[in-house]
1. Name, by its number, the condition in (1) open to solvent by 10 Å² or more (accessible area, probe 1.4 Å); (2) of a type outside the set (Ser, Thr, Tyr); (3) outside any helix (DSSP H, G or I) that does not hold for residue 332.
2. Quick one: residue 525 ticks every box in (1) surrounded by fewer than 21 Cβ atoms within 10 Å (Cβ to Cβ); (2) of a type outside the set (D, E, K, R); (3) under 22 Å from residue 587 (Cβ atoms) bar one, so which box is it?
3. Name every residue in segment 104-143 that is within 27 Å of the chain's Cα centre (by Cα), open to solvent by 10 Å² or more (accessible area, probe 1.4 Å) and acidic (Asp, Glu), in order of residue number.
4. Condition first: open to solvent by 20 Å² or more (accessible area, probe 1.4 Å) and among the β-branched types (Val, Ile, Thr). Can you find one or more residues in segment 363-380 that meet it?
5. Within segment 279-321, can you find the residues that are in a helix (DSSP H, G or I), touching a helix residue (DSSP H, G or I) at 6+ places or on another chain (Cβ under 6 Å) and open to solvent by 60 Å² or more (accessible area, probe 1.4 Å)?
6. Which residue, of 154, 159, 214, is open to solvent by less than 10 Å² (accessible area, probe 1.4 Å), of a type outside the set (S, T, N, Q) and within 30 Å of residue 317 (Cα to Cα)?
7. Please state which of the following conditions residue 170 fails to meet, knowing it meets all the rest: (1) over 25 Å from the mean Cα position of the chain (by Cα); (2) in contact (Cβ under 8 Å) with a residue 12 or more places away in the chain.
8. So how many residues does segment 554-571 have that are among the aliphatic types (A, V, I, L, M) and surrounded by fewer than 14 Cβ atoms within 10 Å (Cβ to Cβ)?
Amino acid sequence: MNDGRVLIIVDAFDQMTEEDRKHVASLLKGDAHEQIDRDDAALCGWLITGRPYALRKYQPEIEELGANRLRLVGLSRQQQDRYFQDYEVDPYFQQRQTKPLDWVCVARKDIDEDLAIPFHLREIRRLIEEDIGRAEGVRRISSTGELHGMVARALLQRAVKHYANEAVPPNARRPDDKHEQLDLLLRVCGLLAFQMMLEEKYNASVDNHEDVSAVRSFLERARARFLSGERSSGAESAVESTRESWRWAEWMLEKIEFSHRGDIDSFSHQCRSFRDRKTMEWYAALYLMKYATTDELRQKIAGAGDRCAADFAFDREWLSNCWRQAIDMPRDLVKGRVAIQSLGVLFQRPDPNRTDQARPCELMWRAWERWLEPPNRTRDAQSALSKPLPGADDLIAKFREEFRTLCAANDELALSLQFAAARDRPDTKLGNKTQDGQYRLIPPNAASTTFQGERPSPVIISAFWLRKFVVTNAEYRLFDLHFESVNKVGDFDQPDRPVVGVDWYAAVMFCRWLGAAYCLPTEAQWEAACRANETAAQETEFWFGGESQLANHAWWSKNAEGRTHSLAESVQARGHENPWGLYDMHGNVWEWCQDWYGEYSQAAGQNNPQGAENGSDRVSRGGSWNASVGFCRSASRNGGYPSYRYSRLGFRIALSSSGPVRVSGASSEGPVGREAQPRPERP
């Protein structure tokens, strides 16, 4: 001992009784009349393991000995691959020239954090073992939601099987069917996570550290939520049966904690916790998409606290991951009507009296693409993945009813946004009419180009309508009143100036809010409108000719005075309207387009090209108030991440007689956008 060669290991400190923990603490302090005193304790090495909630209370005693606090880290990517190295020689993966983990995890870089957890890798290995000989091949995981769903079910299924013949406690009832047992456990885990989120327990834990009755009170509120459906029916037998099911689920989860581990970190009378916050958020997302009732979403439940999901529709703690995981939930873990009711919370109108609320447009877009109007539904009508959820049309109609109500009330701003000839879809029988309120007709076969860099290639453009000016701050506030308080990008908030600081998702959702036919223009449509009937033979840098005249026709870095300009200023300046009645197609603000930023096919004569199939950036065109000449040209292309907001970027609205353009495809986003460098007109 005097040589410092004695190591005292206190393992599983969190699983000790409170009396045993006090005993260890007394040894550390030297208070106990035991075989070891304080001096001896100081000579020994100590290794105490346990989960944070249990160690926190006794941290002063532990640190008195000069202890260092260590935390286990996840497996590195190299260690992850080593776990599967015996499969690398399998012909299945050799034929695909890939490592097993890279093949199975389609978006590995997006779920690296989850793959660092050993039992997640264990479940992926089990999946490979099951699938390696199947004719269909090895299944693939494309999102965190899929991985968590697979792991959660596998963990609970093993536990259900392991304890199938064990006697249950008194007053507890085990569901007869194994599928019902699994579903009940998923529901209870989801409910506990949902309750934690409602109570803002973002550390994924409730413990008795500061309040000795905290866990008991939390469980009482969670149980009240679980029983609320049966209580509303008034049937006491149903309430009692449900209470017995709850007791069985609690008993099972306690067993799982000690024997199986995994997602559930602690399920004792001293602490309820999940492995980490992301796991808690996944279970809460599962509850939202499969189990939550309308009352839980819109109003408080008696005895379960005073918050509901609708209170967190605009809360950043929820938006950062919980709602995102709900949208990405695997379809076989989603119950249609429940999911639609939950997603409806994201589409609710912000409270006009709350300046901290802005619409979560990116999540709204993702929900729309995945659950309301999947882009490939017309191409594969039989596929469950391509079908909208039941009730999707009702949610879309309710979302658009806001704008229709404004128009019905003769709101001048709303009426200026509305296509006057028709409410939702432009009338294709307008003859030679070239104007309709704020919109201008762009005739068919207008000159345009597709792009690889900026090399032009003639294409065919069908007739469409384009708004003569970009959307203003006042107009956008009809949709999202306080967006600037959340997405502030500078002093650009005057009502009649172009809206800026809105990302691509916000521009798209604003168009969808107006109606079914409103959309962003494609890149080819935008350039056709900008050039205003130029032919390839007379193509110039700008619709009016060369750069020497730019100051007479655009707001750019030399004359914009470091700010955006209103439509009234552009009208007064004269020369900003092109031959088709469109203002500021050059300069003022960049304009979001529908397309991904990427290379187009070089085949001439394409019909209404829609750009690259996927990518990381979305296109914007036209230049801005601080752009140089090169960026303001008709052919200049700009690419930025769809989540990027800045003070030079806005949008204008298009309409097509064939309905809105839909450009699908996976996105791989980063934190910032970029401006493409100006390229010569013809490389």
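1. Result: residue 332 fails condition (3) only.
2. (1)
3. Selection gives 110, 112, 113.
4. Yes, that holds for at least one residue.
5. Within segment 279-321, 294, 298 qualify.
6. Values: 159 fails: within 30 Å of residue 317 (Cα to Cα); 214 fails: open to solvent by less than 10 Å² (accessible area, probe 1.4 Å).
Every option except 154 fails the conditions.
7. Condition not satisfied by residue 170: (2).
8. Residues of segment 554-571 that are among the aliphatic types (A, V, I, L, M), as a first pass: 554, 560, 567-568, 571.
Within this subset, residues satisfying the condition of being surrounded by fewer than 14 Cβ atoms within 10 Å (Cβ to Cβ) are 568, 571.
Number satisfying all stated conditions: 2.
The values are calculated or read from the model by the stated rules, or taken from the named source; none is laboratory data. Note that the structure is predicted; figures quoted are calculated from it, not measured. When we count neighbours, we look across all protein chains shown, and the Cβ atoms used for this are built from the backbone with ideal geometry, even at glycine. For accessibility, only protein heavy atoms count, side chains too; no ligands or nucleic acids. Shrake-Rupley method; radii C 1.70, N 1.55, O 1.52, S 1.80 Å.
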